[in-house]
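In what follows, a structure is listed as structure tokens, so that the remarks can point back to it.
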Amino acid sequence: MAGKEKKESGLWEYSPAPESASIGKIAPKYGLFIDGKFIAPAKGRYFPSINPATEAKLSMIAEADAADVDKAVKAARKAFGSWSRLSASERGKYLYRIARMIQERAREFAVIETLDGGKPIRESRDIDIPLAAAHFFYYAGWADKLEYAFPNRKPKPIGVAGQIIPWNFPLLMAAWKIAPALAAGNTVVLKPAETTSLTALKLAELFSDCGLPPGVVNIVTGAGATGAALVNHKGIDKIAFTGSTDVGKIIQKAIAGTTKKSTLELGGKAANIIFEDATIDQAVEGIVNGIYFNQGHVCCAGSRLFVQESIHEEVVRKLKHRIKSLRVGDPMDKNTDVGAINSKAQLETIQKYVRLGKEEGAEIFQPSCNLPDKGFWCPPTLFTNVSQSHTIAREEIFGPVLAIQTFRTEAEVIAKANNTPFGLSAGVWTDKGSKIFNLTSKLRAGVVWANTYNKFDPVSPFGGYKESGFGREGGLHGILPYVQF
Ligand code: ADP
């Protein structure tokens, strides 16, 4: 084996190795990344991370308890002193270096992301990993320009940020959280989701390889209890959370009455609206991308489709035809469109909603697919004859399940689209600019796409209203939660 990678007490120890030696390499066991080193968890507990497409074990992941979280927060606090005083252009250089190294190791990150999470390799390769690098590049550029971003306001870092991320875009969410925090001079304790820790741990190796000072980013793995220990730790100055609305509410209650700042990016139930004057074939592609991208494990997924009555029959016919041609199966096959559901628990949640949809009287369509025997799978699914009161039209499913309703007028679809506790995103398909302007100003959603869907860019802010949370990530807005004046 090239390089000097060695294992001590079964843990993965950092030492630089040529890139070629570690392509797609997953260690059998990972410790916690604290103060620049991988260390064993205090209680010595580990849990498996599995490949959801095969159910095979990929690695054992350390489970951090409150004592481990305390160690990580103390390391981040110690590092904050020198990191926040480092010249802004030096901080920027580290971020540029991280961005470049993600690009250099893009293939390895993409393979591991797909093995660990079940998403099609085409998506990891073309979307998740390049966008993660793009976020570091973008915020690297801001690091030494903050006084221009906030003129006459003397922005200062907040301190130690506790960041908790979900399993649907593991590396990308880590980048969304870490890049703006570091650019503004904060230090970080990040907790990945328990089913998808591996790319965050690979990122930890990259931090060591690029010489990021120890303690600037610490990564503690574990499930909800680890997240709760981070949220409740007294040494945390800011919580940034992306996940379910239920956990978002728990976090808000936990930090009420403290001085901790927070940003929460929570669930969604986006309306994707298609008018009779839209280019139908293009809209059908947008609907498919809106709901079946990443198996529908997307908080801004276009899960409620509103079709103008006059084109309903045509759109549903074309949609059924189109989803018959989606390839469901091995996420490592570059021709796969719909990969594995991230976990058994999530598959059961999706199946519960599919059952409810049928029981409540909606009409289901699923193309026949040859699904593998092992792993967690759900074919692309759509429901017609859906009404506003149906559970599948109200609650977030987080799976490849589309609920289709109809409308006649603009006013009616605006009322229906806004009739939800969520407010993260929406889509509008029409040939008329006036309709786009009318809807974008009246839809209560943080992001509204027009004649496209699920397009992301580090420059544009992303975030929600109502039960979809508050605060923005991306763009200059994304730095604001990491500075104080
Ligand atoms: P999902 O239901 O889609 O799995 P969650 O909101 O449960 O989404 O998970 C998102 C992230 O929040 C994960 O990293 C998870 O471990 C973490 N988490 C779960 N419960 C808690 C909690 N009580 N406090 C803090 N973090 C939590």
Report summary line: For the pair Ser460 and Asn438, the simple spin-label estimate (label points 7 Å beyond Cα toward Cβ) gives in nm 2.2 nm
Query raised in the report: Just how large is the dipole of the chain about the Cα centre, in debye to the nearest 20, putting +1 at every Lys and Arg Cβ and -1 at every Asp and Glu Cβ?
Result: 1320 debye
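Would you please report the Å³ per residue occupied by the convex hull of the alpha carbon atoms in the range 32-144?
Each residue corresponds to 112 Å³ of Cα convex hull volume.
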Report task. Could you please state how large a percent of the accessible area of the range 337-397 is carbon and sulfur, counting protein chains only and using a 1.4 Å probe? Result -> 43 percent
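Does the range 328-485 come out rounded, prolate or oblate by the C-alpha gyration tensor, with a ≥ b ≥ c the root eigenvalues, rounded set by a/c under 1.5 and, if not, prolate when a/b is larger than b/c and oblate if not? Please report the intermediate quantities before stating the final value.
Values: a/c = 1.86, a/b = 1.29, b/c = 1.43.
The shape class here is oblate.
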**Report entry** Taking the C-alpha atoms of the chain, convex hull volume expressed per residue in Å³
**Finding:** 139 Å³
Query raised in the report: Taking square-rooted eigenvalues a ≥ b ≥ c of the alpha carbon gyration tensor, is the range 128-169 rounded, prolate or oblate, where a/c under 1.5 means rounded and, failing that, a/b exceeding b/c means prolate?
Result: oblate
Query raised in the report: Asp126 versus Met332, label points 7 Å from Cα toward the beta carbon: distance in nm?
Result: 2.1 nm
Query - Spin-label pair His477/Arg394, simplified geometry with 7 Å Cα→Cβ offset, distance in nm - result: 2.9 nm
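If you count, for each residue, the other Cβ atoms within 10 Å and average over each peptide, how do 226-232, 331-337 line up from highest to lowest?
Details: 226-232: 22.6, 331-337: 16.9.
Descending packing order for the listed peptides: 226-232, 331-337.
About the Cα centre, and with charges only on the beta carbon of Lys, Arg (+1) and Asp, Glu (-1), how big is the dipole of the range 181-335? Nearest 20 debye, please. Please list the in-between numbers first.
Details: 17 positive and 15 negative charges, 110 e Å.
Approximately 520 debye in magnitude.
Translational D (Stokes-Einstein, µm²/s) of the range 179-260 at 25 °C and 0.890 mPa s when Rh comes from the Kirkwood sum over C-alpha pairs?
On the way: Rh = 13.9 Å.
The calculation lands on 177 µm²/s.
Defining a contact as two alpha carbons under 8 Å apart and six or more residues distant in sequence, what relative contact order in percent does the range 330-455 show? Walk me through the intermediate numbers first.
Details: 147 pairs, mean separation 22.5, N = 126.
Taking the mean separation of contacting Cα pairs over the length of the range 330-455, I get 18 percent.
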Requested in this report: Over the range 445-485, with every protein chain in place, what whole percent of the accessible area is carbon and sulfur at 1.4 Å, could you tell me?
Outcome: 57 percent
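Answer rounded, prolate or oblate for the range 240-326, using the Cα gyration tensor with square roots of eigenvalues a ≥ b ≥ c: rounded when a/c is under 1.5, else prolate when a/b is larger than b/c, else oblate.
On the way: a/c = 4.15, a/b = 2.82, b/c = 1.47.
Judged from the Cα gyration tensor, the range 240-326 comes out prolate (a/c at least 1.5, a/b above b/c).
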Query raised in the report: Taking the range 387-476 on its own, what percent of its Cα-Cα pair distances exceed 22 Å?
Result: 30 percent
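How much length, in nm to one decimal, is gained on full extension between Glu285 and Lys156, taken as 0.36 nm per residue of separation minus their Cα-Cα distance?
The Glu285-Lys156 span can extend by a further 42.0 nm.
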**Report entry** Unit charges at the beta carbon, dipole of the chain: most positive-side option, Val220, Gly248, Ala132
**Finding:** Val220
Requested in this report: Treating the Cα atoms of the range 254-380 as identical point scatterers in vacuum, please give the log10 of the normalised Debye intensity I(q)/I(0) at q = 0.11, 0.14 Å⁻¹, two decimals.
Outcome: -0.48, -0.73
Report summary line: Residues whose modelled amide H sits under 5 Å from the amide H of Val428, counting only those 5 or more places away in sequence or on another chain, are Ile273, Trp449, Ala450, Asn451, Thr452
Report task. Pick out, from Val316, Ser303, Ala340, the residue whose Cα sits farthest towards the positive end of the charge dipole of the range 256-365, with +1 on the Cβ of Lys and Arg and -1 on the Cβ of Asp and Glu. Result -> Ala340
**Report entry** Order by protection proxy (mean Cβ within 10 Å, highest first), peptides 67-77, 184-194, 140-150
**Finding:** 184-194, 67-77, 140-150
Report task. Take the alpha-carbon centre of the range 318-334, take the same for the range 221-271, and report the distance between them in whole Å. Result -> 36 Å
Report summary line: Beyond 20 Å (Cα-Cα) in this structure, taken from Lys269/Lys416; Lys37/Lys261; Lys93/Lys145; Lys191/Lys234; Lys29/Lys238; Lys37/Lys202, we find Lys37/Lys261; Lys29/Lys238
Query - Helical mean residue ellipticity (222 nm; -39500 (n - 2.57) per DSSP H run of 4+; nearest 500) of the chain - result: -11500 deg cm²/dmol
Report task. May I ask which residue of Phe109, Pro380, Gly471 lies farthest towards the positive end of the charge dipole of the chain, with charges of +1 (Lys, Arg) and -1 (Asp, Glu) on Cβ and the Cα centre as origin? Result -> Gly471
Requested in this report: Place a +1 charge on the Cβ of each Lys and Arg in the range 52-191 and a -1 charge on the Cβ of each Asp and Glu, then give the dipole magnitude about the Cα centre in debye, rounded to the nearest 20.
Outcome: 680 debye
Report summary line: In whole angstrom, the spacing between the Cα centers of the range 282-312 and the range 137-193 equals 31 Å
Query raised in the report: What do the square roots of 5 times the Cα gyration tensor eigenvalues come to for the range 306-419, in whole Å, largest first, as semi-axes of the equivalent ellipsoid?
Result: 27, 17, 12
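What number comes out for accessible area per residue over the chain if the probe is 1.4 Å? Units Å², please.
Numbers: 18770 Å² over 485 residues.
Per-residue accessible area for the chain comes out at 39 Å².
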Query - Heavy-atom accessible surface of the range 227-309: percent carbon and sulfur, 1.4 Å - result: 53 percent
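The values are calculated or read from the model by the stated rules, or taken from the named source; none is laboratory data. Just so it is clear, the structure is predicted and the values come from calculations on it, not from any experiment. Neighbour counts run over all protein chains shown; Cβ positions are idealised from the backbone, glycine included. What goes into the accessible areas is simple: the full protein's heavy atoms, side chains included, and nothing from ligands, DNA or RNA. Shrake-Rupley method; radii C 1.70, N 1.55, O 1.52, S 1.80 Å.
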